[in-house]
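Following: one structure in structure tokens, then a few remarks.
The values are calculated or read from the model by the stated rules, or taken from the named source; none is laboratory data. Keep in mind the model is a prediction, meaning the values are calculated, not measured. All Cβ positions, even for glycine, are placed from backbone atoms using ideal geometry, and neighbour counts span all protein chains on display. Protein only, heavy atoms only, side chains kept; ligands, DNA and RNA dropped before computing areas. Shrake-Rupley method; radii C 1.70, N 1.55, O 1.52, S 1.80 Å.
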Amino acid sequence: MNVWLAIIGMGILTYAIRLTPILLMERVKIRGTAQQALRFVPTAVLSAIIFPELLILDGNVDISLGNARLLAGLLAAIVAWRTKNVLWAVIAGMATLWILQWLATA
């Protein structure tokens, strides 16, 4: 029973921590430079998540043609840019990665 209470309690606490800034931001009006800077947050966060996965292989930066993740990521970026469709970009990137990994092991 204590485990379930801990799980439920931590779930409520996590929800409250994430909900508080959302509720507070309803009452605060952000203006000027701060609002312009906040527009770049999603791009910066997404880049911080994706680029290390594409560029770092076995602890070293690898920007060679032997880096299957980088090639698949570049193709996915091109597909996303041309089609403006996230689903097609994901499909193209994953298919390319799987094919390149398969070719590397064959």
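For the chain, with all protein chains in place and a probe radius of 1.4 Å, 72% of the accessible heavy-atom surface sits on carbon or sulfur. Taking label points 7 Å from Cα along the Cα-to-Cβ direction, residue 82 and residue 3 give a separation of 5.2 nm. Each peptide in 47-57, 87-97, 11-21 gets a packing score, the mean of other Cβ atoms within 10 Å over its residues, and the list from highest to lowest is 87-97, 47-57, 11-21.
What does the helix-only formula give at 222 nm for the chain: each DSSP H stretch with n ≥ 4 adding -39500 (n - 2.57), the total divided by the residues, and the result rounded to the nearest 500 deg cm²/dmol? Provide the component values of the computation, followed by the final result.
On the way: 5 runs with 84 residues, N = 106.
Rounded to the nearest 500, it is -26500 deg cm²/dmol.
Given the alternatives [x] 1.28; [y] 1.15; [z] 1.59, Cα Rg over 2.2 N^0.38 Å as computed for this entry is given by [z].
To the nearest 10 degrees, how steeply does helix 86-105 sit against the main Cα axis of the chain, on a 0 to 90 scale? Compared with the principal axis, the helix lies near 50 degrees.
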